[in-house]
């Protein structure tokens with residue numbers, strides 16, 4: 001049975017890809033947005049459609065968390081502060097080994113619920129088992145769940161997507177945990193793809209000359225044979241494997257220079273920026289200005305709750321402003337958390353415009369504002385989220 005069209009009215013609409021609209025409205029037809037504009041104009045065009053007046057709220061696109069590890073949500077307090085990157089990664093492996101597959105599935109489901117509560121409608125999630133992949137596919141969120149591949153094992157067969165809202169892909173974990181010969185093979189097996197890349201100075205040192213704690217600790221713990229050093233940067237290394245032609249989402253992208261960013265731009269890739277995780281792990285400052293100069297699409301992600309203690313995209317936007325200051329506007333920051341994330345994940349969402357998926361978040365507005373972008377960044381809180389729609393429906397009502 002066809003769903004009835006919905007006409008939503010709000011004090012402010014923030015389409016993101018077009019100017020804000022006071023006294024705005026939109027019409028939802030099934031899972032898609034049919035039209036957006038001023039309430040008076042929409043009302044004249046749809047005289048017989050009943051109005052759902054949401055009052056003093058701001059309607060905006062649902063937030064897109066471009067990089068998560070939902071299965072780690074319950075480990076948020078498991079690792080102490082102050083560890084260096086490699087020590088943190090090894091401790092994560094130890095803690096995670098103590099969890100059953102059922103624990104990880106329950107953790108992923110809990111994390112998905114926290115995302116929705118915080119106004120997130122889509123994620124780019126990394127999962128380490130088929131069971132977690134299926135749980136995320138069956139959950140409330142849209143986006144992509146990437147099945148992680150580590151070592152030289154044969155990549156798993158991906159399950160079929162449950163709906164058009166959530167896709168499955170593969171994630172060869174990183175430049176230092178997947179053999180170079182495996183990248184091109186993985187690229188032929190799945191679309192979309194995601195890779196942790198250029199995250200830390202330790203990764204750079206390992207690829208350049210085989211030195212540092214990745215060789216001394218991670219390879220020793222895993223009992224892997226050390227590969228011949230490539231002498232390349234992480235981005236140049238990935239290009240040499242051929243996998244960049246498959247347009248993977250690059251996660252972190254902190255340790256890059258101008259040549260690296262030119263490679264990323266030439267391949268038309270997106271990068272997921274995870275500022276709070278980068279700060280906690282001390283891996284360096286994300287060179288946002290360099291990416292902007294080369295026209296690279298930069299999305300925003302929280303990384304795992306174990307790395308940031310939270311799955312809060314509003315707080316992540318404030319982290320962006322704390323890190324980059326006046327170098328990035330509130331509008332750019334909101335775009336990173338909405339339309340840029342949708343582009344990075346290859347989903348038709350992230351903006352309030354005709355033809356886009358009706359993935360929508362409504363925030364309460366206590367005071368009038370001349371700059372709704374600033375309101376989102378400075379005042380946005382999970383408690384202010386009043387309504388979340390994914391594909392035009394309240395999560396859980398039809399999926």
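Any read-out appearing in this document is the output of simple, stated calculations on the displayed coordinates, not a laboratory observation. Predicted model only: the values in this text are computed from it and were never measured. Using ideal geometry, Cβ is built from the backbone for each residue, glycine included, and neighbour counts are taken over all protein chains shown.
Here are a few things to note about the model shown:
- Inter-label distance, residue 49 to residue 221: 5.4 nm, where each label sits 7 Å from its Cα along the C-beta direction.
- For region 295-399, a/c is less than 1.5, where a ≥ b ≥ c are the root eigenvalues of the C-alpha gyration tensor. That puts it in the rounded class.
- Shape of region 184-229, Cα gyration tensor, a/c cut at 1.5: prolate
- Histogrammed with a bin width of 5 Å, the alpha carbon distances of region 243-350 distribute as 2, 13, 24, 26, 21, 11, 3, 0 percent, first bin at zero.
- Fully extended contour minus Cα-Cα distance, from residue 258 to residue 381, at 0.36 nm per residue: 40.7 nm
- Angle of helix 85-97 to the longest C-alpha principal axis of the chain, folded into 0 to 90 degrees and rounded to 10: 80°.
- Hull shadow area, averaged, region 1-154 [alpha-carbon convex hull, nm²]: 13.4 nm²
- When only alpha carbons are used to place a centre, region 330-385 and region 223-258 end up 32 Å from one another.
- Relative to one another, the C-alpha centroids of region 8-39 and region 195-221 are positioned 47 Å apart.
- Using every pair of distinct Cα positions in region 76-177, the Kirkwood expression returns a hydrodynamic radius of 14.8 angstrom.
- Over the residues of the chain, the helix contribution to mean residue ellipticity at 222 nm works out to -9000 deg cm²/dmol, using -39500 (n - 2.57) for each DSSP H run of at least 4.
- Paired Rg and Dmax values of region 129-269, which use every Cα atom, in angstrom: 15.5, 45
- The value of relative contact order for the chain, using C-alpha pairs under 8 Å at least six residues apart, is 22 percent.
- Ordering of 312-321, 337-346, 44-53, 209-218 by burial proxy (mean other Cβ atoms within 10 Å per residue, highest first): 337-346, 312-321, 209-218, 44-53
- Sorted on the mean count of surrounding Cβ atoms within 10 Å across their residues, most packed first, peptides 59-67, 127-135 read 59-67, 127-135.
- Order by protection proxy (mean Cβ within 10 Å, highest first), peptides 222-231, 287-296: 287-296, 222-231
- If R0 is 51 Å, the Cβ-Cβ spacing of residue 292 and residue 103 corresponds to a FRET efficiency of close to 0.80.
- Hydrodynamic estimate: the Kirkwood radius of the chain over Cα pairs, inserted into Stokes-Einstein at 25 °C and 0.890 mPa s, corresponds to D of 114 µm²/s.
- Available extension along the chain between residue 131 and residue 209 is 24.3 nm, counting 0.36 nm per residue and deducting the alpha carbon span.
- Among 232, 300, 193, residue whose mean-square fluctuation peaks in a GNM of the chain (springs only between Cα atoms under 10 Å): 232
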